[in-house]
2 protein chains.
Amino acid sequence: MKKHKVIFQPSGSRGEVEDGKTLLEAAQSLGVDIEGLCGNKKVCGKCKVRIEEGYFEKDNLESGMSHLSPIIEDEIKHIKPEDGPGIRLACTAEVHGDVKIFVPERSRAGKQVVRKAAKELSIALDPAVRKYNIDLAAPTLHDMTTGDYERVLKFLEEDYGLKGLTFDFVVLKSLQDVLRQGNWKATVTVWMDKEIIKVEPGFEERCYGLAVDIGTTTCVGYLSDLITGKVVNTESMMNPQVPYGEDVMSRITYAMTNDDGLDKMHRAIIDGLNEIIVKVVSEIREDGPDPGFAIDDLTIVFNTAMHHIFLGFNPIYIGRSPFIPAVQNSLDIKARDIGLKINPSAYIHVLPIEAGFVGADNVGVLIAEEQYKQDEMVLVIDIGTNGELLLGNRDKICSTSCATGPAFEGAQIKFGMRAAPGAIEVVQIDPETKEPKYKVIGKTDWHSHLKKVDAKGLCGSGIIEVVAEMFKAGIIDKSGRFAKDLDTPRVRKDVDGKPEYVLAWAEETSIGTDITITQGDVRALQLAKGALYAGAKLMMNKLGVSKLDRVVLAGAFGSHISTEASLTLGMFPDCPIDMVYAVGNAAGDGARMALLNKGKRVEANDKARWVEFIEIATDPTFEKEFMQAMHIPHMKDKFPNLKELLQKSGSKLEIKG
Amino acid sequence: MKKHKVIFQPSGSRGEVEDGKTLLEAAQSLGVDIEGLCGNKKVCGKCKVRIEEGYFEKDNLESGMSHLSPIIEDEIKHIKPEDGPGIRLACTAEVHGDVKIFVPERSRAGKQVVRKAAKELSIALDPAVRKYNIDLAAPTLHDMTTGDYERVLKFLEEDYGLKGLTFDFVVLKSLQDVLRQGNWKATVTVWMDKEIIKVEPGFEERCYGLAVDIGTTTCVGYLSDLITGKVVNTESMMNPQVPYGEDVMSRITYAMTNDDGLDKMHRAIIDGLNEIIVKVVSEIREDGPDPGFAIDDLTIVFNTAMHHIFLGFNPIYIGRSPFIPAVQNSLDIKARDIGLKINPSAYIHVLPIEAGFVGADNVGVLIAEEQYKQDEMVLVIDIGTNGELLLGNRDKICSTSCATGPAFEGAQIKFGMRAAPGAIEVVQIDPETKEPKYKVIGKTDWHSHLKKVDAKGLCGSGIIEVVAEMFKAGIIDKSGRFAKDLDTPRVRKDVDGKPEYVLAWAEETSIGTDITITQGDVRALQLAKGALYAGAKLMMNKLGVSKLDRVVLAGAFGSHISTEASLTLGMFPDCPIDMVYAVGNAAGDGARMALLNKGKRVEANDKARWVEFIEIATDPTFEKEFMQAMHIPHMKDKFPNLKELLQKSGSKLEIKG
């Protein structure tokens, strides 16, 4: 096999790679980290590299012979004129000769900050699985008519009052050897006071479960100690289905248009979860042939499409009218039947879904926030790739789903990036000078010309902050248009003649280029927040509610989001600012609660059926509400609380109050 | 690949085979049937062939170079001097040059007569699985909050009163497509009014189950129509575990002494049953990718060792003191968990076992014969490779197990063979002349010198008859010894100087040799029947019973056994002859009853616990009882009923009455 020399700059890593390998494979083999959000499927465009030598052979400059495979259409759509010459996607370009490559800062991978970190939950411990120590008398000839099975059940009944238990078949196969190995002392793991799902030799106290939240873009697993209730370890990863489609509808389409589409995406998520399982248990045990065996319970939430694909159900029927899901109730599925590598006899508890588009993740939010126990009128906004809303109180709760697009997650934003070191997440803009100050993830200080903070882009919460600040500073007006004739070099025209705001000058960044907020970025955010607001408004109309007592912001970046910025933008109708809470990943909290307390599973089924789903897309008033809600904070609605807040902060901005 | 010419005589079949193939493989490829009880594992010695040409190359006569692979030790132990020269086992000898082979009549395979044929059962139909037709309204947008799952359950509850059903996960995966395929008409198969184990498009009425009886030597499957209760098809085969040991203890030993022994035997029986499944369903459907899918329920009985190996449980603990089984209760195991290729969502119902050595097969006998509903004192004898006894009535029932050995099945008998065409099964001997007449399977007439019946050997029932007749004719005495100085050529000395009785002269047979009953054969039968009798006697002592009201003979050849011959031999204590019944395969009947009526499953669990197991081997009186019971019919016990029977038939035999 022919080999070629490859050099990566600026790290200087070099080595030989086989002919036909991609630059990304070459980089991985040489220990060079290149960003690849999409799992090397040519869809994210984040792995751009610049070819410094070897793009064309000197002798073949005219014929265009390159040391790399020809550029393909999938690449071309990601490469912009401003990227400059010699740009390729590392996942696509194949090495066919010696090359020297420069990896721009923006394409260098940083470890994602887990924005779905687990918070402490206050919930009574009553898990679905429990361990019981048993200590049998060694059998004698008198026991010849009594099997090991029967003697174990007798002990559990007499000592623990557990009646009518059954044995999982796989466990039963090991029973004889395990009992003798432990010299008739053993630990029995019981699921739902019904079934024995593990027998271990000797006395074992530790017991673990995994709560899983599968988002369209991110998956996270919380390993929980079922004795203490504490989270022992958290692992997250990009959803490995991203290459098959960035959003729910494109994945459903993929399943409709490819014979093995469902199967591929199903395998991808199962394999991905198995990776999370291996990583997350490293905290509690050594590697072994079946590291996940220590996990005896698993709860899982996701939206309806992810739910169907995870379970291997055909998702096409939820993608077209009348949008009928396969199942709404919660399910308990043997781990071995679905191929998750935890204890093969354990059950996967799939939380129920509410309606076609409102999934188990929203049920997770519901049982975590428990609006149904409250008198106040609460709006819960769960922000992910889709936005889900819950509105109500103990009398009635409505739910709906809004197509917000991925702007809140930093996608479709020019300098958007995931929440990793270098991402700007806090922004303030001086209304007089229009000069910003900002903080990036990984540094505690505000940026200043004295202290370079190596900004790289903006994560979701940074985008919300900067647009709210631009509005407060008068850089954009309530319609989202840039103000004209501002006396600042920060506002300028981009190559297409459209206005943009420079948040960070090139010398403050680690990417060597100005970080800007474009008119397009502002529009993307307006569309996203407009969809949320309109959804909330329609639900308020439905319930006859004119004002909100409380707003709960949930979702991946929920606990990092600025409540002031959200209110200022008009992501939701007006509300006292001290009654707006960011709660973090409430869907994940719900999964953890169902893991720690089996009563929550019953509650989830009951409440999921009780919540009324409202289809907003087909509501005749939606279009008008959506147009008005695109304004910042809103075209017509009054915001007395926001007005008061801005006045207190000395802002001169005029808001209807 | 080198090829060699092979000719088989007397059929004359000829052809070329690849170098290194065994003679058996060659025979199979040329359509020549050669007997192979053991599945080509060199243990049964039934595939003997004579090499007519090519044993030695002419040029290499002295050096011993042969056209066949060298003879090995496994073969040598099966080849007797009286077999003559040039004998090899076809399963072992490999072809390395041209050969001409003679297949002796004894080695030609005949199709076994299924002695486990199903009889009509009178039992109320109430199977564990039932099919329900459903006819849903096509969903509309109003159903968006109701899944397919929920709408199916609602229909089943409203139309059939079935509440709280669950879906098997595999079924649930197919639900959406199946409902749409049948245009919202479907057939749902429900197990135990609990779980949905199949959904088929459209309306389907047919419903099938399989009742399986796994004996140490023979396996049989009865395909039953669960709507009519009729047996639709029966398939049987040698237990494919035979190569690992002919009896229970040798298989347990095999598992103890080979790391993968359990696994191999487990795979063998699962694969074997899957073969039976494919064959048995050929009656009801075309071949397809999953022919067994039509089977929605399966009940199974076996002895405890076969039970453990089938389930993958380690059998070593039932092979050594204190003989503790893994489980005694019945089990319901998903077909896919054990790898049986019926509907993967269906359950395998494993009937309970009674005690260490008294298995689910005996429970099958118990629920088929229902002694527990009777006032009379009934002895049930289930004869297989082991003998199992049940004694009692509605007040109390005892069970035990006797090591009879395989003599009743024709093994360890010089001319013993399985019940196939050519096997002698009925015998009468004239007490004066000592001349016999007999019938063979496949022919209706008695043999005579005018009508050659091509006898080949004796099957189990024939052996019992001939020994009983020899006793009645005074050829053997009550101790089993041959009478001396009988004036008949039929009684003579064999090569070792031991007496034997010629039942058939060579010219009456198809094997070209006299068929004889040897002193060893008589002894083997005495040991077997003595064990049964002693077992029955100990149980009678235990229950304080002095006489039997009824005797039921069950087992593989149960319905073909002569009740007179059994009583004459003293296989059991004296009983009125019209109260001795042969019922056939009662264990299989029990499996079929549990298949047709789920109440029988509950009854089986209850009664298996209620029956008292008696360990006879450790009973201090066993040895003495056994020695006395070896006599024909018994050393000391009185047989008034037998005495009357013999007197009526004009026999001069003196029996204690």
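Just so it is clear, none of the values below were taken in a lab; they were calculated from the coordinates. Note that the structure is predicted; figures quoted are calculated from it, not measured. Reconstructed Cβ throughout: ideal geometry from the backbone, glycine too, with neighbour counts over all protein chains shown.
The table below gives the values:
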{"item": "Inter-chain shielding of A:307-317 (mean C-beta neighbours from other protein chains, 10 Å cut-off)", "result": "3"}
{"item": "Footprinting exposure proxy for A:His67, A:His78, A:His308 (fewest neighbouring C-beta atoms within 10 Å first)", "result": "A:His78, A:His67, A:His308"}
{"item": "B:Glu507 paired with B:Asp487, simple spin-label distance in nm, labels 7 Å along Cα-to-beta-carbon", "result": "2.4"}
{"item": "Inter-part distance where region B:531-578 and region A:185-246 are each reduced to a Cα centre, Å", "result": "60"}
{"item": "Average beta carbon contacts from partner chains per residue of B:322-335, 10 Å cutoff", "result": "6"}
{"item": "R0 of 60 Å, Cβ-Cβ distance B:Met256-A:Lys636: FRET efficiency to nearest 0.05", "result": "0.10"}
{"item": "FRET efficiency for A:Arg267 and A:Ser321, using Cβ-Cβ distance with R0 set to 30 Å, rounded to 0.05", "result": "0.55"}
{"item": "Prolate/oblate/rounded label for chain A (Cα gyration tensor, a/c 1.5)", "result": "oblate"}
{"item": "Cleavage-rule hits, GluC sites (Glu not before Pro), region A:95-204, DSSP coil, Cβ neighbours within 10 Å at most 12", "result": "A:Glu120"}
{"item": "Which listed pairs, of B:Lys437/B:Lys656; B:Lys42/B:Lys439; B:Lys624/B:Lys652; B:Lys542/B:Lys600; A:Lys198/A:Lys600; A:Lys154/A:Lys194, have C-alpha distances above 20 Å, in listed order", "result": "B:Lys437/B:Lys656; B:Lys42/B:Lys439; B:Lys624/B:Lys652; B:Lys542/B:Lys600; A:Lys198/A:Lys600"}
{"item": "Those trypsin sites (Lys or Arg not before Pro) in region A:556-657 that DSSP places in a loop and that have at most 10 other beta carbons within 10 Å", "result": "A:Lys636, A:Lys652"}
{"item": "³J(HN,Hα) computed for each position of region A:121-132 - Karplus, 6.51 cos²θ - 1.76 cosθ + 1.60, integer Hz, glycine/proline x", "result": "10, 9, 8, 5, 6, 8, x, 6, 10, 9, 9, 10"}
{"item": "Residue-averaged 222 nm ellipticity for the protein assembly as shown, from DSSP H runs of 4+ at -39500 (n - 2.57), nearest 500", "result": "-8000 deg cm²/dmol"}
{"item": "Of all DSSP beta bridges in the protein assembly as shown, antiparallel share, percent nearest 5", "result": "70"}
{"item": "Overall form of the protein assembly as shown per C-alpha gyration tensor (a/c, 1.5; a/b vs b/c)", "result": "prolate"}
{"item": "Descending semi-axes in Å of region A:293-412, equivalent ellipsoid built from Cα gyration tensor", "result": "26, 19, 15"}
{"item": "Förster radius 60 Å - calculated FRET efficiency between B:Ala617 and B:Lys3 (Cβ-Cβ, nearest 0.05)", "result": "0.60"}
{"item": "Partner lysines for B:Lys5 [C-alpha distance under 22 Å; skip if fewer than 8 residues away on the same chain]", "result": "B:Lys21, B:Lys48, B:Lys58, B:Lys100"}
{"item": "Built amide H within the under 5 Å cut-off of B:Thr404, gap 5+", "result": "B:Gly387"}
{"item": "Net length gained if the chain between A:Asp430 and A:Asp375 were fully extended (0.36 nm per residue, minus Cα distance)", "result": "15.8 nm"}
